[in-house]
Structure formats: C-alpha cells, structure tokens
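*Asks:* Below are the structure tokens for one structure; questions will follow.
The values are calculated or read from the model by the stated rules, or taken from the named source; none is laboratory data. Everything numeric here is computed off the predicted structure, so don't read it as measured data. Don't worry about glycine lacking a Cβ; one is built from the backbone with ideal geometry, like all the others, and counts go over all protein chains shown. Accessible surface is based on the protein model in full, side chains and every heavy atom, while ligands, DNA and RNA are left aside. Shrake-Rupley method; radii C 1.70, N 1.55, O 1.52, S 1.80 Å.
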Amino acid sequence: MTDKVKLVEKIQRLKRERRAVILAHNYQRPEIQDIADFVGDSLELSLCAAQTDAKIIVFCGVNFMAETAAILNPDKTVLIPDKNALCPMASMLPADLVKFYRRKHPKAKIVLYINSLAEAKAYCDAVCTSANTAEIINRMDSNVVLFGPDMNLAKYAESHTDKKVIPIPPFGFCPVHKLFNREEILRLRRMHPDAEVIAHPECDPSVCKIADFVGSTSRMYREAIVSKAKKFIVATEIGFLHRLKKNRSDAAFIPAYDEAICVNMKLHTLEKIYLSLKNEKYKVVLPARIREMAKKPVEFMLKTRETQG
Ligand code: 13P
Ligand code: SF4
C-alpha cells in the first residue's frame, strides 16, 4: 500500500468516527476533490453546508467559504485544514468600507459577492454567488445597487439587469482571473477553431465578451457536460480542469492560461486534512453578533433559490 493510499484510508476512518463531511471547492487539488464528499462551486457548497447533518464540516476552500459554513451552522464544528487560505479579493472590502459606502449612498441596497469577509456580509442587504448575481440584484427594491468586491462581476451583472450597479470598492478584483487575456484567448481560438470558450465572470469584460459561455464554475461544468463540443478553452483557475476531464473524458480541455493558479486554494493537502480531523483544527469561529448579522443576507440568497426552484 502506498503512503497516499494509507493516508486516504486514515482520513476516511477518522471521518466516519467523527461524523465529519469533507466539502471541496472546484479549485482544490485533484487528490482532495477525489476524496471529498462533495465538490462544487460556492453556492452549492453553501447549500451543502446548510443541509448536512454531519457534526463536523471540513471545508477545503478559502476563508470566506468556511466562514459561510460557520454562519449557517452555529452548532457544528467547521474546520479549515490551512488557516492561511485567504481570498485576497475578499480582503479588498473590509466592513468599515461597506459602512462608508452605506453612508455615501443611503438609498442604495448593498449586495455582496459570497467572496467577501463575514464582517462585511454583516452590513449588507443580500449575498450572492457568481451563479445568481443578476437574480439577487433584481430582487432589491432600489434602482441603484452597490456591489462588491469584484468590479468585473459588478459589470457583468449590470449588463444582465436594468439596475444601476456601482462597484464597491471601484477596483476590486481577483488576481487569478486578472491573468486571462483576450488576445491570448483569440490566439488559442485560432489554433482550435472547433473549441468552445467557457469563462468565469470574474474575468475582464473583454474576455467575457468573446466567451461562448460565462458562468460560475458549476455552471461552466454543466455546460461542458451537456455541450456537443469536443474541445474547450477554459478561462478560470486550472484546478477546475480535473473535474472536467474526469467527467468528460472524451473531450479536450485547454487552459486559457496554464499559470492561473489560486495559491490560497492550493494550501490544503491530504496531510493537512488528516491533521485537521485528528486535532480538530483550525476551527472557524465568528463573533456571535457578526454571525447573526451575516446570517440574514446569506439566508436571503438561499431562500431566493428555493423560491426559484
Ligand atoms: P465560484 O463562484 O464558481 O464558486 O468561484 C468562486 C471563486 O472563488 C472564483 O474565483
Ligand atoms: Fe479569491 Fe480569486 Fe482565489 Fe477565487 S480564485 S478564491 S476570487 S483569489
């Protein structure tokens, strides 16, 4: 038995003993996706976290995702295997900045991308993910909506609603999706004229404009599963290609940029998952007031989904 197989067995045993569930984002390392109970995008992982009857949730994603699981599960233990897995984009919008924009635009509603800190979510009206941004913005009873922290998603959402969407802060961005470039994708498309271009809305609008399909990672996944294309150019973090290749083994997946790596997502390893379960580390604990305040806008998003079926 190899060391890796032994480690996986130890994780599975501990998981059963502790009644734990392992949730992994689409960008996790392949070996983590392979042992997870559920792999998905931010919205699906939030739904999973809201519905699980496990006692412990091991969250293999970045801080804001594990925080969302903690917001929805005050009675469960939420663990993150590496506590340094932080999303730099989420850090671009601290709570004080949300309060500042609230004072500046008192009539506007505030919608925050799930990629935001719990302390920021506590001061917004609704949370959304890249899978439901326009739907949630449309539900706001104001003509102007402040949206953050991703300016590209704000622009993308504005083109899909009749509301005025103001990005807060004005230039919030994901450093990984910033790496994709329209000219490079057009070059790849000339090389592979039969390929379908699928992109995440965190990419620059010039990239989204030339893509055949734009959506959250799980929407991109579903598109790749149902599409007749045999070749895809993929403009999102490269960890996602593992799931695509595994489930569409007849198709070729070409990264739009092969160094688009979210180093924070990659901090989790099998070894750290094992230690996390064994030592119940690192617990994601939020101040009760922040948790209570942030719960409302997160639940608004989840309820919107329920009413839409
Ligand atoms: P999803 O919205 O597809 O989960 O992606 C989250 C993310 O962090 C994108 O960079
Ligand atoms: Fe944050 Fe970008 Fe990494 Fe997603 S890919 S977790 S937005 S840094």
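*Asks:* Go ahead and set up a Gaussian network model of the chain, Cα springs under 10 Å, then flag whichever of I71, I233, I137 fluctuates most.
*Replies:* Its mean-square fluctuation being the largest, the pick is I233.
*Asks:* Assuming R0 = 35 Å, can you tell me the calculated FRET efficiency for the pair L302 and N181, based on Cβ-Cβ distance, to the nearest 0.05? Intermediate values should be presented prior to the final figure.
*Replies:* On the way: r = 35 Å, r/R0 = 1.01.
Step by step, r from the Cβ atoms, then E = 0.50.
*Asks:* In addition: Please report the carbon-and-sulfur percent of the accessible area for the chain; probe 1.4 Å, protein heavy atoms only, DNA, RNA and ligands left out. Mind showing how you got there, number by number?
*Replies:* Numbers: 7250 of 13930 Å².
Carbon and sulfur: 52 percent of the exposed surface of the chain.
*Asks:* Let me ask something else about it. Can you work out the FRET efficiency for the pair D141 and E292, with r the C-beta to C-beta distance and R0 = 25 Å, to the nearest 0.05? All intermediate terms of the calculation are to be shown ahead of the outcome.
*Replies:* On the way: r = 23 Å, r/R0 = 0.92.
Computed FRET efficiency for D141 and E292: 0.60.
*Asks:* Report, please, the projected area of region 1-111 averaged over directions, based on the convex hull of its C-alpha atoms, in nm².
*Replies:* Values: hull surface 34.0 nm².
Answer in nm², one decimal: 8.5.
*Asks:* Residues of region 2-43 with amide nitrogen under 12 Å from the 7 Å Cα-to-Cβ point of K278?
*Replies:* Of the residues in region 2-43, 7-8, 10-11, 14 have backbone N under 12 Å from the label point off K278.
*Asks:* A further question on this structure: Take the Cα radius of gyration of region 132-197 and divide it by 2.2 N^0.38 Å, with N its residue count; two decimals is plenty. Walk me through the numbers before you get to the answer.
*Replies:* Details: Rg = 15.3 Å, N = 66, 2.2 N^0.38 = 10.8 Å.
Output field value: 1.41.
*Asks:* Could I ask something else about it? May I ask for the percentage of alpha-carbon pairs in the chain that lie more than 28 Å from each other?
*Replies:* Numbers: 18366 of 47586 pairs.
The share of Cα pairs beyond 28 Å in the chain comes to 39 percent.
*Asks:* A further question follows. Compute, for M140, the solvent-accessible surface of its heavy atoms (probe 1.4 Å) with the complete set of protein chains present, and express it in square angstrom to the nearest 10.
*Replies:* Result for M140: roughly 10 Å² accessible.
*Asks:* Further question: With a 1.4 Å probe and every protein chain left in place, work out the accessible area per residue of region 1-148 in Å², rounded to a whole number. Before the final figure, lay out each step's value.
*Replies:* Details: 5810 Å² over 148 residues.
On a per-residue basis, 39 Å².
*Asks:* Then there's this: Could you give each residue of region 125-130 its phi-based ³J(HN,Hα) in whole Hz, using Karplus coefficients 6.51, -1.76, 1.60 with θ = phi - 60°, and x for Gly or Pro?
*Replies:* Result, rounded to whole Hz: 8, 7, 10, 9, 10, 5.
*Asks:* Return the Rg/Rh value of region 194-278, two decimal places, where both radii are evaluated on C-alpha atoms and Rh is the Kirkwood radius.
*Replies:* 1.04
*Asks:* Using a Förster distance of 51 Å, how high is the FRET efficiency between D53 and H105, based on the Cβ-Cβ distance and rounded to 0.05?
*Replies:* Values: r = 41 Å, r/R0 = 0.81.
After rounding, the FRET efficiency stands at 0.80.
*Asks:* Reachable lysines from K231, Cα under 30 Å, same-chain residues fewer than 8 places away excluded?
*Replies:* K155, K178, K209, K245, K246, K266
*Asks:* Provide the per-residue ³J(HN,Hα) series for region 82-90, in order, calculated from phi with Karplus coefficients 6.51, -1.76, 1.60 and θ = phi - 60°, each as a whole number of Hz, with x at glycine and proline positions.
*Replies:* Ordered by residue, 3J(HN,Hα) equals 10, 6, 8, 6, 10, 8, x, 5, 4 Hz.
*Asks:* Let me ask something else. As a test, work out the antiparallel percent of DSSP beta bridges whose residues both lie in the chain, rounded to the nearest 5. Each step should come with its number before you reach the end.
*Replies:* On the way: 1 of 33 bridges.
Antiparallel bridges make up about 5 percent of those DSSP assigns within the chain.
*Asks:* Let me ask you something else. Could you state how much accessible area T269 has, in square angstrom rounded to the nearest 10, with a 1.4 Å probe and all protein chains kept in place?
*Replies:* Counting only protein heavy atoms, the figure is 40 Å².
*Asks:* Have a look at E119, E237, E259 and tell me which one the Gaussian network model of the chain (Cα, springs below 10 Å) gives the largest fluctuation.
*Replies:* Comparing E119, E237, E259 in a Gaussian network model of the chain, the most mobile one is E259.
*Asks:* Select from H242, H177, H192 the residue whose mean-square fluctuation is largest in a Gaussian network model of the chain (Cα-Cα springs shorter than 10 Å).
*Replies:* Of H242, H177, H192, the Gaussian network model singles out H192 as fluctuating most.
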